[in-house]
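Inspection log for the structure reproduced underneath, given as structure tokens.
What follows draws every value from the coordinates through simple rules; no lab data is involved. Since the model is a prediction, treat every value here as computed from it, not as a measurement. Please note: Cβ atoms are built from the backbone with ideal geometry, for glycine as well, and neighbour counts cover all protein chains shown.
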Amino acid sequence: MQRLQLDLFGRVQRLSSEWHANSFAGATVHRISRARWALDMLSNIIVLRLLQPALLLLVMGAIMIWRLPVAGIAFCAVSFLYVAVSWQLSARWVRPLSVVSAARDSRLTGALADSITNNATVKTFGAEHREDKLLRAFSDEWAKVAQPAFNRATDTNAVQQIIWTVAQMAVLGLITWNAMRGKADVADVAFALAAVTMLSGQLRNLASDIRTIQRAFAEMEDAAEFLVATQETVHEPAARQSTLQPDSVDGEIAFSQVGFRYPSGAAIFENLTFTIAAGEQVALVGPSGSGKSTVVKLIQRLYDIEHGRILIDGRDIRELSPAELRGLISLVPQEPVLFHRSLAENIAYGRPSASMEEIVEAARLARAHEFIARLENGYRTFVGERGAKLSGGERQRVAIARAILADRPILLLDEATSSLDTSTEKLVQEAIAELSKGRTTIVIAHRLSTVRNADRILVFNQGQLVEQGTHAELLDISDGQYRRLVDLSLDTSELIDTNPPKVFALDPNLS
């Protein structure tokens, strides 16, 4: 059971980003747990409960055939017929609904976990009753098949009882007939009656076990999606075995004639080409849907491109395994998500072998040590699910400390747009500046101050790179899109995406 759980977990971890984006985490956990339960039940039934009735049937049947050939053959035949009919009824009539029931049960569990995880949002909007209604709808969908599945199992049990009762009467009739003809003595009749009585309970249990086996198969089938779902892209088979190490990488990034579209979506990029020099800090700006976040995803190879090449230090990233590629990259997302583990574990996640001194130093550089030191348990403090015990600014600084400690040559940063007080924003900006030193940095920028400080700005619109240059160079283009962006943002406290539908800028939900 442990091996199955670990194998399924390993498989899920390696499924594609598209799969995870469309799946409930709670449903996935539920499927893995139910698959473990199913294997446990199958093991118990096969090893502990099937052996005894099988041996008993063979021994009793052999003795009856020896003493009462006709009755013995009939006894064995009806027993095997009973088992076969029980299996067919469960497999063809009960199991199909059980499979659907298991799938809907997983969706119900996923919806439940989703609502609980986002309880703070639910409370913010006073939406408890709406969530109750939504969960009831999922529950009703599950009940529509769960109750019929239960009814079918009950009906199957009734049919099995009728079949066995008729079989018992037939066997006992044959035994009585043999006794009346003088072909069976009292001992034979007594043995036959004892055998039929003894096997009745065993076969009834066996019928129940068959229904449980079919239910377990249904649970396993629900988890089987993990085996057929699309796995994450891997390095190309023809690529040579890589020996690339982070400390040997300068960090130059090049897009060469890149074409890309999301599954079932319109084309995002057609022949996108640009180069980011090693150690250069580049800001990406553009309206919603212009492709900024997609650039960051493609660098991590969360999706594969349709044509063209993405190169790091002149090497196609498809020649690298996902683990090797991401070993070159640190990511600080717009809304960092932390594990419900200690602060020390979260900071060291990208480099678990780090010493406590190194963890503290990374926190100092990220301007996080001061608030951590004020906590009662310091670096041993558990942060709550998704980091719920920390403020937005604190989570950002912990994420920056994590990236500093990982010490990778390429940094991808989605700048936060959440409202921070002045002192917290200053600390976060200082931490980002510290993190960017000596690294190739790509920032999805939301603040004018960040854009001004960038070595170069790439302006995207509808999947096209329409402008690039420094802040001053782009301002000199009087009718340029970047110039219009800056003009519109002068009165917005330097937030260049205060009104994303009207302002040509980065948005927290853009792709």
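Distance from a point 7 Å along Cα→Cβ of N377 to each backbone N in segment 385-417: keep the residues under 16 Å and list them by number.
Zone members listed by number: 385-390.
Taking every pair of Cα atoms in segment 373-465, average 1/r, invert it to obtain the Kirkwood radius, and report Rg/Rh to two decimals.
Here Rg/Rh amounts to 1.01.
Using label points projected 7 Å from each Cα along Cα→Cβ, tell me how many nm separate S264 and A472, to one decimal.
My value for the distance between the label points is 5.0 nm.
Below 12 angstrom from the Cβ of N271, what's the summed charge of the other residues (Lys, Arg +1; Asp, Glu -1)?
It works out to a net charge of -1.
Which net charge results when you count Lys and Arg as +1 and Asp and Glu as -1 among the other residues whose beta-carbon is under 13 Å from that of R364? Numbers along the way, then the final one.
Values: positive: R367, R397; negative: E357, E358, E361, E370, E430, E434.
In short, -4.
To the nearest Å, what is the center-to-center distance of segment 325-364 and segment 445-461, using C-alpha atoms only?
Cα centroid to Cα centroid, the span is 26 Å.
Taking the Cβ-Cβ separation of D407 and D40 as r and a Förster radius of 56 Å, what is the calculated FRET efficiency to the nearest 0.05?
0.80
Please give the charge dipole size of segment 245-361, origin at the Cα centre, charges +1 on K and R Cβ atoms and -1 on D and E Cβ atoms. Round to the nearest 20 debye. Each step should come with its number before you reach the end.
Working: 10 positive and 16 negative charges, 104 e Å.
The calculation lands at about 500 debye.
DSSP loop (so not H, G, I, E, B), at most 16 other Cβ within 10 Å: list which trypsin sites (Lys or Arg not before Pro) in segment 395-483 pass both filters.
K437
Measuring from label point to label point, each 7 Å out along Cα→Cβ, what is the A170 to A77 span in nm?
Rounded to a tenth, the inter-label distance reads 0.7 nm.
Could you give each residue of segment 437-448 its phi-based ³J(HN,Hα) in whole Hz, using Karplus coefficients 6.51, -1.76, 1.60 with θ = phi - 60°, and x for Gly or Pro?
Calculated HN-Hα couplings, in order: 4, x, 10, 5, 10, 10, 10, 7, 8, 10, 10, 4 Hz.
Cα centroids of segment 253-322 and segment 67-127: how far apart, whole angstrom?
46 Å
Would you please name the chymotrypsin sites (Phe, Trp or Tyr not before Pro) within segment 105-168 that are DSSP coil residues with at most 16 other C-beta atoms within 10 Å of their C-beta? Please list the in-between numbers first.
Numbers: sites: F125, F138, W142, F150, W164; in loops: F125.
Answer in residue order: F125.
Evaluate the charge dipole of segment 30-181 about its Cα centre and quote only its size in Debye, nearest 20, assuming +1 on the Cβ of each Lys and Arg and -1 on the Cβ of each Asp and Glu.
260 debye
So if we plug the beta-carbon distance of L58 and D132 into 1/(1 + (r/R0)^6) with R0 = 60 Å, what FRET efficiency do we get, rounded to 0.05?
0.60
For labels at R107 and L488 in the simple 7 Å Cα→Cβ model, what's the distance in nm?
A separation of 4.0 nm, rounded to one decimal place.
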